[in-house]
1. Quick check: Cα centre of the stretch 189-221 to Cα centre of the stretch 368-397, how many Å?
2. How high is the FRET efficiency between F446 and L337 when r is their beta carbon distance and R₀ equals 45 Å, given to the nearest 0.05?
3. Subtracting the Cα-Cα distance from 0.36 nm times the residue separation, let me have the gained length for Y410 to A186 in nm, one decimal.
4. Among DSSP bridges having both ends in the stretch 320-475, what percentage is antiparallel? Round to the nearest 5.
5. Which Cys in the chain stand alone, with every other cysteine's Cβ at 4.7 Å or more from theirs?
6. Any chance you could check the Cα centroid distance between the stretch 8-34 and the stretch 401-459 for me, in angstrom?
7. Between S160 and A326, what is the label-to-label distance in nm when each label sits 7 Å out along the Cα-to-Cβ direction?
8. Which GluC sites (Glu not before Pro) in the stretch 368-475 sit in a loop by DSSP (not H, G, I, E or B) and have at most 15 other Cβ atoms within 10 Å of their own Cβ?
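The values are calculated or read from the model by the stated rules, or taken from the named source; none is laboratory data. What you are looking at is a predicted structure, and each value in this text was computed from that prediction instead of being measured. Cβ: placed from backbone, ideal geometry, glycine included. Neighbour counts: every protein chain shown. Calculation scope for accessible area: heavy atoms of the full protein, side chains included, ligands and nucleic acids excluded. Shrake-Rupley method; radii C 1.70, N 1.55, O 1.52, S 1.80 Å.
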Amino acid sequence: MRTRTTPISTIAVTAILLALLAKFFWPLATFGWPLGYDAGIYRYLFTQHATGFPPLWIGDIEPWARSQPLGLFFFSTILVRLGIPVDWLTGWIWNLFPVALACTLAWVTAKREGKEIGMLVLVAAFLSVAYYDGFAAMYWKTYASLLFCVLGFHFLEKRSLWALLFGSIAIMTHHQTGLLFGLSVATWWLIGILRSKKGKERDQWLMMLCCGLCILAIGLVSYLPVWREAIADNLWLLLHPSDAPGGNFPPLSFYLRQEGILLLCGAYGFVRSFRRESGTLWQCAVLWAAAFIALHFLFYRRFFLQLDFFLLPFAALGIYDLWDRARHPILRGILILLLLMQATFAVFVIPMRTPYVDGETFAAAARLQTELPPNATIIVPENISAVVVRGWAPDARVVAPGIFESVWTYDQWKAFILGTNKDRLSLLKSLKSPVMIFVAPAFSAFYGTSGDAFLRDACFQKTDDPFLLRVTCIP
């Protein structure tokens, strides 16, 4: 009796998926709490948006949070309302999401280019440093929007009405990725209509124009509840790119060193793709992302994540083409060696990305929900721990220097931390009692002995929690 053997491709895909899972679950297994600065922000947003129902109905959020697009929170609100713990969304669900996104991109690429190149997309995702850095920073909206971009591109190419759904959600979920999606679709359509002949082909492109306009309209409607904060307030920066921030992401020079081999494969595959077709949605996405970086567009550093992501299929194509051309064993050995070098760079970067706060600070912030009195105001005298406090004490009012509700000016914060008891008392009277102070190791590390007088202030009383002080000198 003949036994059925497992195809080599199945074994290879399984091995790659296990490697991806190990890569993205390593931080959770090692640390047990999220890596990124944005983890606290997203936990706050997930929690507070869930207080509003139906989805897209804004929950009880502070003014600074109204600048966030609402698409992601449509889904998170449903999940939280169904009983999914919020900590899952900043925990294992987030660790799994980049793997699911890579699989979706691989599936779509396999439909376009074949199973071998689809499998190599998974390899490229494992080799990518930028893709891991976006995960480490917890760019939830970016990754969710990229997922809908991939599906939107796929169904637009298939001329399917599903493109309406996924395209509009891509715009609803993230400003920058939605803009990239819209410009890519517009460029693709313009190239297509200019190349088309009169008749049925021209009619199809005109139908695609109607589809694109519907996607844009649906996407923009979702911004109406937060139009001023999310759109209008950013128009000045869009029109004056020299004033726009670069965004919190490593510089291009870092990726040229750590990911140069994969980028060269992507660039080679991108150029080679024009020999067969030009003006595709995928090519347009790469060109627009590169243009945003070159022109120092709003948060231009973060656009390297989108550039890297949309280069992954071209990197897979480049690796496949180089392997096919390098028939000599020595040449193929060199290609394997280069990919192993890139894998080494990618693996070495993983332990470099550690949590934004230490374990004790995270544990102390996580205890706040059970330790704080109702309607408490928490003062965090530094803005490192403030983010995690904001996320794990969503019902409290959190004030910290230069972030969230920064109720005092720079000079007032300086007087509060480094001034006299009289200075502090006059400022504390502007806050509503009860007032607590969260003092993490980051405070002492920054202020050193200069902060000792602050901690000894007669207005502050120690509590059972070493991280918390109670303010006693205001009614």
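1. A separation of 49 Å, based on Cα centres.
2. In this case the efficiency is close to 0.50.
3. 76.2 nm
4. Of those bridges, close to 55 percent are antiparallel.
5. Result for the chain is C103, C149, C210, C211, C214, C265, C284, no neighbouring Cys Cβ within the cutoff.
6. Cα centroid of the stretch 8-34 versus Cα centroid of the stretch 401-459: 44 Å apart.
7. A separation of 3.6 nm, rounded to one decimal place.
8. Of the GluC sites (Glu not before Pro), the ones in loops of the stretch 368-475 whose Cβ has at most 15 other Cβ atoms within 10 Å are E405.
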